[in-house]
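These notes are about the structure you will find just below.
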Amino acid sequence: DCEEQENTKQWYQRRVRGKFLSELYTVEPRVGYHLLYYLYSRAQLDLYSEFASYTSAGTLKACLTEDLRICQEEDSPATFYKIISDLYQKFPSVTTGNSNILHLIVSCIDSQQLHSIICNVMSKKMKIFNVRSIGSLLKSTLEWETFEQYCVWQLLSAESVPSESVIDVLKDIKDTHHFELFSSMLIFLKSVKPTEKVVKKIIFLQNFEEQLVIPICVWWIDKYSEGVIRIIESFISAAVSTMDDRRLNILVQFVEMICKAVDQNHMLYEQTTLWRQIKSSYGFISASVKEECPVIQRMMKENKFESDSEADSDEERPQLSKRKRDVSVLDSDDE
């Protein structure tokens, strides 16, 4: 009974203290981050969650975000950056993937602070990004300042976010003038080993050929040579076997753009298997696409690549009707 009375007394005291602080908080908002820093210095951050529940913000996420904003704007940046790593560790459910807190981090950061946070990220002391919401978070950064966006991408690279999740952000972007995004993504993908899934996501991107698709694919082909070529060949073969003329035309246009982006002595022109694959499917390519692909037309007319396929003729064949088959490399869910 004595223990129960003591627990009741402590609960009552915490409740009174929480209500008092929340009332004070409405009059002087800086109370929140002062309390946050005080609890941080005493290693009692658990009590902050209780305080947040009494405030008008109502939730830990809203209260913490607002207090950090006030701290960043009205106090020394050193205070903000001193506690931010511990807050990510203590409250991962409200900090990880939080674009508002991330914006506070990068909006007034200097080189030393950025280096410190990168070290914390790589040491697993901070987890800034949530893979499931990475697309919406990156979209929200498109309106931030250039330096802020570049800082976000440095943190993204430090955390080793899966490349597939990063590429997917482009699905919902139509504007081709987000140069911070494209240049940062190029540098990010430059260090990614091109798997079949990654290459497929890049090739079938629409509207970003010059900004992203061609530069990174040329880099991959130069560095990984035949590995990437074999992947492209498998895509063409799968498009033919599934009678998917739309994807086949996209792939042929892609090869044409790659050819135009490299020197005529590039190793791509010596990939006999690739050109045989294109030659075997040449009759299935639409007339309009053929007109847009002078390099491929020239390569076909030179007839350097023997093929037993009936597609050796340049005569136009009826376009293939689309028919779905279970071919992994062209699974539409990953497009």
Give me the percent of Cα-Cα pairs in the stretch 197-299 that sit more than 23 Å apart, rounded to a whole number. 17
Which entries in the list K171/K193; K82/K201; K61/K193 go over 30 Å, if you measure between the two C-alpha atoms of each? K82/K201; K61/K193
Could you work out, for the stretch 14-116, what percent of all Cα-Cα pairs fall into each 10 Å distance bin, beginning at 0 Å and stopping at the bin that holds the largest distance? 15, 51, 29, 5, 0
Let me check something: with ligands and nucleic acids excluded, how do E302, E148, E209, E74 order by accessible area (1.4 Å probe), largest to smallest? E74, E302, E209, E148
Förster radius 30 Å - calculated FRET efficiency between E164 and S225, Cβ distance, rounded to 0.05: 0.85
Taking the Cα atoms of the stretch 50-166 alone, what are Rg (to one decimal) and Dmax (as a whole number) in Å? 13.8, 41
Share of carbon and sulfur in the accessible heavy-atom surface of the stretch 105-256 [1.4 Å probe, %]: 52
Quote the convex hull volume per residue of the stretch 151-213, based on C-alpha atoms, as a whole number of Å³. 81
With the Cα gyration tensor of the stretch 59-119 in hand, convert its eigenvalues to equivalent ellipsoid semi-axes via √(5λ) and list them largest first in whole Å. 17, 14, 10
Using a 1.4 Å probe and ignoring any ligands, DNA or RNA, find the accessible area of W219 and quote it in Å² to the nearest 10. 90
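The values are calculated or read from the model by the stated rules, or taken from the named source; none is laboratory data. Small disclaimer: the values here were computed from a predicted structure and weren't measured. A quick note on method: Cβ atoms are made from the backbone with ideal geometry, for glycine too, and the neighbour counts reach across all protein chains shown. Remember, those area values only see protein heavy atoms, side chains included, never the ligands or the DNA or RNA. Shrake-Rupley method; radii C 1.70, N 1.55, O 1.52, S 1.80 Å.
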